[in-house]
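J.: This structure is in structure tokens; I'll ask about it shortly.
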Amino acid sequence: MTVALDNNVTAVLDAGAALRDVTRLFTQLQQRNFACCDVQSATQWAVVTTLAHSGDQTPSGPIPGGLTLSALTLTLNLDKAWLSRNIDDLVSQGLIDKGPHPTDRRALSVCLTDAGRTAAAQLDTQLSAQAERVLARLPGRDRAQARQLLGALAGA
């Protein structure tokens, strides 16, 4: 996609290519914000935000001891060894606690520390502000429609 400095699109792409471009560009933009919160990679960002948004809750109540490493691996669709290395980095940074699961001795449990919850909240604030700055560049009439379409895409 070719975009002029004033945000006027000079070439139109098919929907699939446009969505991939928007996703790629927005991800690159958001990755610049990771440094604010001691999160060093997209994988670590995904781990921290997934744990924060899980709220250590399931429909049946609290998750004793946090999420299992296996559940997190499935949720994020990542290689277990890759995820484990990132978890270890987050543990060494003091953002995550990892240990034996209290009800399943075969499982490892991961949960955010207080510092991890603070970092997740800071990161969420930074990333939301970045999204608002991007949307603010759209003309007013398009901004509301973009929000509506983003909600529809999220639900699709």
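J.: Are any of the residues in region 106-113 closer than 17 Å to Leu29 by Cα, at pLDDT below 90 and under 23 Å from the mean Cα position of the chain (by Cα)?
T.: no
J.: Can you name every residue in region 114-140 that is within 22 Å of the chain's Cα centre (by Cα), more than 30 Å from Lys80 (Cα to Cα) and not basic (Lys, Arg)?
T.: Answer for region 114-140, where residues must be within 22 Å of the chain's Cα centre (by Cα), more than 30 Å from Lys80 (Cα to Cα) and not basic (Lys, Arg): Ala129, Gln130, Ala131, Glu132, Val134, Leu135, Ala136.
J.: Report every pair of residues separated by at least 6 positions or lying on different chains whose Cβ atoms are under 7 Å apart, first residue within region 126-149 and under 19 Å from Thr23 (Cβ atoms), second assigned to a helix (DSSP H, G or I) and among the polar types (S, T, N, Q).
T.: Leu127/Gln30; Gln130/Gln30
J.: Give region 69-101 a look and list any residue that's surrounded by 13 or more Cβ atoms within 10 Å (Cβ to Cβ) and in a strand (DSSP E or B), or say none.
T.: Listed by number, the residues that qualify are Ile96, Asp97, Lys98.
J.: Moving to a separate point now. Considering only region 106-156, state which residues are among the polar types (S, T, N, Q), farther than 26 Å from Leu67 by Cβ and touching a helix residue (DSSP H, G or I) at 6+ places or on another chain (Cβ under 9 Å).
T.: Gln130
J.: Just to verify a result, which residue in region 56-68, among those that are open to solvent by 50 Å² or more (accessible area, probe 1.4 Å) and of a type in the set (S, T, N, Q), is modelled with the highest pLDDT?
T.: Among them, the one singled out is Gln57.
J.: When Leu112 is evaluated against the numbered criteria (1) surrounded by 15 or more Cβ atoms within 10 Å (Cβ to Cβ); (2) in contact with a Cys (Cβ under 9 Å, 6 or more places away or on another chain), which criterion, by number, is the only one it fails?
T.: Status for Leu112: all satisfied but (2).
J.: Pairs only if they're at least six apart or on different chains, beta carbon under 9 angstrom, first in region 67-89 and under 15 Å from Gly99 (Cα atoms), second open to solvent by 50 Å² or more (accessible area, probe 1.4 Å) and in a helix (DSSP H, G or I); list them, first residue then second.
T.: Leu67/Thr75; Leu69/Lys80; Ser70/Lys80
J.: Counting only residues that are of a type in the set (Gly, Ala, Ser) and more than 14 Å from His53 (Cα to Cα), how many does region 115-146 have?
T.: Residues in region 115-146 being of a type in the set (Gly, Ala, Ser) and more than 14 Å from His53 (Cα to Cα): 8 in total.
The values are calculated or read from the model by the stated rules, or taken from the named source; none is laboratory data. Just so we're clear, the structure is a prediction, and the values are computed from it rather than from any experiment. Methodologically, a virtual Cβ is constructed for each residue, glycine included, from the backbone with ideal geometry; neighbour enumeration extends over all protein chains shown. Note: accessible area is taken over every heavy atom of the protein model, side chains too, but ligands, DNA and RNA are not part of it. Shrake-Rupley method; radii C 1.70, N 1.55, O 1.52, S 1.80 Å.
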